[in-house]
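Q: Below you will find the structure I want to go over with you.
Laboratory data are not the source of any read-out in this text; all were calculated from the coordinates shown. Quick caveat, the model's predicted, so the values are computed rather than measured. FYI the Cβ positions are ideal-geometry reconstructions off the backbone, even for glycines, and counts take in every protein chain you see.
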2 protein chains.
Amino acid sequence: MRHLPQRRAIMMKKDKSNGFSKVMTKPKAVSLKELAASLKLSPTTVSLVLNAAPTASSIPTGTQDRIFEAARNLKYRPNHIARSLRAQRTHTIGVLIPEMSEGYSATVLSGVEEKLLEEGYFYFVVSHWHREALIEHHSRFFVERCVEGILAVDTPQHHQTFLPVVSISGHDETKGVTNIVLNHEQAGLLAVEHLVKLGHKKIAVIKGQSFSSDTEARWNAIRTAAARCSIPIKETLVAQLVGTNPTPEPGYVAAKELLAAKAEFTALLAFNDISAIGAIRALNESGRRVPEDVSVIGFDDIYAAEFHNPSLTTIRQPLKEMGCLGAEYLLKRIRENQSDDFPADVTVEPELVIRQSTAAVKN
Amino acid sequence: MRHLPQRRAIMMKKDKSNGFSKVMTKPKAVSLKELAASLKLSPTTVSLVLNAAPTASSIPTGTQDRIFEAARNLKYRPNHIARSLRAQRTHTIGVLIPEMSEGYSATVLSGVEEKLLEEGYFYFVVSHWHREALIEHHSRFFVERCVEGILAVDTPQHHQTFLPVVSISGHDETKGVTNIVLNHEQAGLLAVEHLVKLGHKKIAVIKGQSFSSDTEARWNAIRTAAARCSIPIKETLVAQLVGTNPTPEPGYVAAKELLAAKAEFTALLAFNDISAIGAIRALNESGRRVPEDVSVIGFDDIYAAEFHNPSLTTIRQPLKEMGCLGAEYLLKRIRENQSDDFPADVTVEPELVIRQSTAAVKN
DNA sequence: ACGAATTAGTAAATCGTTTCACTAAATCGT
DNA sequence: ACGATTTAGTGAAACGATTTACTAATTCGT
């Protein structure tokens, strides 16, 4: 019995020291002051050298080397918070998205991320779920966190801040906001012409949700293109997505409506790929085959488009590139915020990707 | 030479005034000191009151009201950077993901975001593209930026930091890391039993990429479950995903391999939904129908699973919930970092979702 | 050999907040 | 009426970097 406690004590000790080393001794990051002290130099000198300030040219190479070496050995990393406070620059931007959906936002974000990391910037993302109040709320938090600019993705009417703002597919008319937008006219034309070439005359359209910022532009483009091709779109062949569900469900519902209206159509222009997928489901359920009975064309070219069954003919938006461009223009604005001649719009070109969801109309 | 500086100075001035008016007066956020000055109080008092510090109880209501009102009027917002520096708390965490873009990461992130915003935390996301060096690199940046913890999503072997770490589907054996994991045994069992009940005996399997942290656990679970059902998996019926392409393409390739091997199978267990979709494409191309000729079952239940054609039978992982849980446990660790008894694992339960990609075997 | 320029640094202010340690006046208990 | 407590605050030191304005010693040009 006497041995047992002892053994346990020993084990405990072992455990503890073990745990201690594991739970972290908290190797409290070394500060500039400590680094300087270890070198018997002033923080000033060390800072100057490590930042390669022009003033540091007077510090002899030997000293500089000592400083670099000590920094490496002690694993010194400047505290970004302190630096931000002093320099009034956080190298951080805020990104507003409707939601973390797999297709659209994620792809745009991947472009944003690539560009920003390249330039030493980090970003906060927040979703607003199409709720005005959340947009406002998050924008304020961004200001509080001292982001240097805001990138709004598919987010309309952004509330006024003094921060640089770039909007991707946002159609933000606010003065001073750069918009990264698709050439919608061309996109509409590509879509409609493709269907017309395949012999379609009765074309149905599913418009986007009323809150989606691309809805109006895309709808106008389609109408214009259709008129130009002398195939005006019939009122009865137009449905609209409803609700904030980011799945194909609203497209499914809209297509059901179109089918219920009993107006004949041989082709369907969906607002985007997600809704096209929902629409195809509805068409199949009603006994119509795609593309044999109805041709369906989507928008965006998200990953899912290629591997859906049937694979989707779609108007490709270069989403990742738009993310890159958005980040790029935002950084440009941040860096040259005295100048005023930023473009109000930067346009990217759509591309028709023909796959298996469209086919020539049956005679 | 003497004139040049002068002329440039004049031009600069013009430029500046020009930019100044247009770039919008930069309403430089008001600081605590300014707010205090406007009230003829000290910053201390104002800070105490606004933060509802216990000490502030001695400040009369009248003064408190004046302070609140002035804060509102001047739109005072405390500078988060300064606060972070002083308090040594940034209310920010870093999230590591393999890449932004597939269903997996985005869904997990939506859970993470929800939980974190609820608690007043923001997060940085970075993708590492499965590259060890990037994981290391980003982790260092996280430390530099003073994140309070790191959430690693589907990211194996995380390098040691002194920061709290929670890993989602990471199977990180490092002491002190909490893992949010699926009950893989159960998941494997659900999948295999479902197929067995449908009469399948020749079951093919597509394993995950070697770098994916779930690969091993899932494969073991499937093998164990199959053995228990007396349907051992034949070597020739096992393929593995290759490459980092986050689309269905690797699944397509793997299924092609299985088909080329000419070993008969009536059911296919894919590593995840994405690869199941690719596999179905390959099966269709080889003239096999799903589910009539081959049943296919996926994993994850990403959005696309429900609306794919045929819709995917799958083993659902509660991805969003896992994100929530990950965030929750990370915050718990951050707040109680003295204590040592955090669970090494938090297990969530899978769910069999039966849709149209599986059917009874033909006799 | 003398002033100017260069070399090798340092002290102190600053960014915007929080917080510890105070004070001076008013009020209270007895 | 007197010390103790409460009330209503304030001053100054952090947090960890950057940066401006210095100094003291050396070297240079002539």
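Q: DSSP loop trypsin sites (Lys or Arg not before Pro) in the range A:162-206 with at most 11 other Cβ atoms within 10 Å of their Cβ, which ones? Don't skip to the answer; put the middle values down first.
A: Details: sites: A:LYS175, A:LYS197, A:LYS201, A:LYS202; in loops: A:LYS175, A:LYS201, A:LYS202.
Hits after loop and neighbour filter: A:LYS175.
Q: Quick one: check the C-alpha center-to-center distance for the range A:42-111 versus the range B:306-321, whole angstrom.
A: For the range A:42-111 versus the range B:306-321, the Cα centre distance is 42 Å.
Q: Another question, then. State which stretch of chain B is the longest one without any exposed GluC sites (Glu not before Pro), exposure meaning a DSSP loop state and at most 16 other Cβ atoms within 10 Å. Can you show the working numbers first?
A: On the way: sites that count: B:GLU119, B:GLU173, B:GLU264, B:GLU292, B:GLU336.
By the stated rule (loop sites, at most 16 other Cβ atoms within 10 Å), B:1-118.
Q: Given H placed 1.01 Å from N in the peptide plane, which residues other than close sequence neighbours of A:VAL238 have an amide H under 5 Å from its amide H?
A: Here A:VAL205 satisfy the definition.
Q: Which trypsin sites (Lys or Arg not before Pro) in the range B:34-101 sit in a loop by DSSP (not H, G, I, E or B) and have at most 14 other Cβ atoms within 10 Å of their own Cβ? Walk me through the intermediate numbers first.
A: Details: sites: B:LYS40, B:ARG66, B:ARG72, B:LYS75, B:ARG83, B:ARG86, B:ARG89; in loops: B:LYS40, B:LYS75, B:ARG89.
Passing sites in the range B:34-101 are B:LYS40, B:LYS75, B:ARG89.
Q: Using only alpha carbon pairs under 8 Å that are at least six residues apart, calculate the relative contact order of the range B:166-206 and give it in whole percent.
A: On the way: 21 pairs, mean separation 11.1, N = 41.
It rounds to 27 percent for the range B:166-206.
Q: If you don't mind, there's one more thing I want to ask. Could you tell me which of rounded, prolate or oblate describes the range A:197-294, using a ≥ b ≥ c as the square roots of the eigenvalues of the alpha-carbon gyration tensor, with rounded for a/c under 1.5 and, failing that, prolate when a/b is larger than b/c and oblate otherwise?
A: Numbers: a/c = 1.78, a/b = 1.05, b/c = 1.69.
Oblate.
Q: Placing unit charges on C-beta atoms (Lys and Arg positive, Asp and Glu negative, everything else neutral), compute the dipole magnitude of the range B:48-179 about its Cα centre in debye, rounded to 20.
A: On the way: 12 positive and 15 negative charges, 166 e Å.
Here the range B:48-179 has a charge dipole of around 800 debye.
Q: Trypsin sites (Lys or Arg not before Pro), restricted to the range B:241-286: which are DSSP loop and have at most 15 other Cβ atoms within 10 Å? Before the final figure, lay out the partial values.
A: Working: sites: B:LYS256, B:LYS262, B:ARG281; in loops: B:LYS262.
In loop regions of the range B:241-286 (DSSP not H, G, I, E or B), the sparsely surrounded trypsin sites (Lys or Arg not before Pro) are B:LYS262.
Q: Shifting gears a bit: Could you line up B:ASP300, B:ASP65 from fewest to most neighbouring Cβ atoms inside 10 Å? Mind showing how you got there, number by number?
A: On the way: B:ASP300 27, B:ASP65 11.
Placing the least packed residue first, the sequence is B:ASP65, B:ASP300.
Q: What does the charge dipole of chain A about its Cα centre add up to, to the nearest 20 debye, if the Cβ of each Lys and Arg holds +1 and the Cβ of each Asp and Glu holds -1? Before the final figure, lay out each step's value.
A: Working: 43 positive and 40 negative charges, 496 e Å.
My answer is approximately 2380 debye.
Q: Still on this structure, please answer the following. Of B:GLN186, B:GLN240, B:GLN64, which is the most mobile in a GNM of chain B whose springs link Cα atoms less than 10 angstrom apart?
A: Answer for the Gaussian network model of chain B: B:GLN64.
Q: When DSSP beta bridges are limited to those with both residues in the protein assembly as shown, what percentage is antiparallel, rounded to the nearest 5?
A: Expressed as a percentage, antiparallel bridges in the protein assembly as shown total about 10.
Q: Only counting other Cβ atoms within 10 Å, I'd like A:ILE297, A:ILE334 sorted with the fewest neighbours first. Mind dumping the intermediate values first?
A: Working: A:ILE297 29, A:ILE334 19.
So the ranking, lowest neighbour count to highest, is A:ILE334, A:ILE297.
Q: Here is a further query. Convert each backbone phi in the range B:278-285 into a coupling constant with the Karplus relation 6.51 cos²θ - 1.76 cosθ + 1.60 (shift: θ = phi - 60°), then list the ³J(HN,Hα) values in order as whole Hz, x for Gly and Pro.
A: For the range B:278-285, the Karplus-derived couplings read x, 5, 4, 4, 5, 4, 4, 5 Hz, x marking Gly and Pro.
Q: Suppose we keep just the DSSP beta bridges with both residues in the range B:239-363; what percent of those would be antiparallel, to 5?
A: Values: 3 of 10 bridges.
Antiparallel bridges: around 30 percent, rounded to the nearest 5.
Q: Pairs of Cα atoms under 8 Å, at least six residues apart: use those to get the relative contact order of the range A:22-143, whole percent. Write out the running numbers ahead of the final one.
A: Details: 96 pairs, mean separation 24.5, N = 122.
Taking the mean separation of contacting Cα pairs over the length of the range A:22-143, I get 20 percent.
Q: Can you list residues from other chains, or at least 5 along the same chain, whose modelled amide H is less than 5 Å from the amide H of B:THR313?
A: Counting only residues 5 or more places away or on other chains, the set is B:GLY298, B:ARG355, B:GLN356, B:SER357, B:THR358.
Q: Then there is this: Once amide H atoms are placed 1.01 Å from N in the peptide plane, what residues at a sequence separation of 5 or more from A:ASN179, or on another chain, have their amide H within under 5 Å of its amide H?
A: A:SER167, A:ASP345, A:VAL346
Q: Choose one of B:ALA187, B:THR244, B:VAL125: the residue whose Cα lies farthest towards the positive end of the charge dipole of chain B (beta-carbon charges +1 Lys, Arg; -1 Asp, Glu; about the Cα centre).
A: About the Cα centre, the residue reaching furthest to the positive side is B:VAL125.
Q: How far, in nm, would the chain grow between A:PHE68 and A:LYS28 when pulled straight, counting 0.36 nm per residue and subtracting the alpha carbon separation?
A: 12.4 nm
Q: Estimate the FRET efficiency between A:ALA227 and B:ASP340 by the formula 1/(1 + (r/R0)^6), using the beta-carbon distance for r and 45 Å for R0, to the nearest 0.05.
A: Working: r = 71 Å, r/R0 = 1.59.
Working from the Cβ atoms, E equals 0.05.
Q: In whole Hz, with x marking every Gly and Pro, tabulate ³J(HN,Hα) for the range A:184-199 from phi via Karplus 6.51 cos²θ - 1.76 cosθ + 1.60, θ = phi - 60°.
A: My calculation for the range A:184-199 gives 5, 4, 4, 4, x, 5, 4, 5, 5, 4, 4, 5, 5, 4, 7, x Hz in order.
Q: Only bridges whose two residues both fall in chain A count here: according to DSSP, what percent of them are antiparallel, nearest 5?
A: On the way: 3 of 36 bridges.
Taking every DSSP beta bridge with both residues in chain A, the antiparallel ones total about 10 percent.
Q: Something else now. Take the alpha carbon gyration tensor of chain B, find the square roots of its eigenvalues, order them as a ≥ b ≥ c, and report rounded if a/c is under 1.5; if not, report prolate when a/b exceeds b/c, else oblate. Walk me through the numbers before you get to the answer.
A: Working: a/c = 2.97, a/b = 2.11, b/c = 1.41.
Verdict is prolate for chain B.
Q: Among rounded, prolate and oblate, which fits the protein assembly as shown when a ≥ b ≥ c are the square roots of the eigenvalues of its C-alpha gyration tensor, a/c under 1.5 means rounded, and a/b larger than b/c means prolate? Please list the in-between numbers first.
A: Working: a/c = 2.07, a/b = 1.25, b/c = 1.66.
Cα axes put the protein assembly as shown in the oblate bin.
Q: A further question on this structure: What size of dipole, in debye to the nearest 20, comes out for the range A:193-322 about its Cα centre when the only charges are +1 on Lys and Arg C-beta atoms and -1 on Asp and Glu C-beta atoms? Show your work: numbers first, answer last.
A: Numbers: 15 positive and 15 negative charges, 84 e Å.
Charge dipole, the range A:193-322, about its Cα centre: 400 debye, nearest 20.
Q: Between B:GLY243, B:GLY287, B:GLY62, which gets the highest mean-square fluctuation from a Gaussian network model of chain B, Cα cutoff 10 Å?
A: Taking springs between Cα atoms under 10 Å, the residue moving most is B:GLY62.
Q: Right, another one. Give me A:PHE299, B:PHE122 sorted ascending by neighbouring Cβ count inside 10 Å, so fewest comes first. Display every interim value, and only then the final one.
A: On the way: A:PHE299 29, B:PHE122 24.
Exposure proxy ranking, most exposed first: B:PHE122, A:PHE299.
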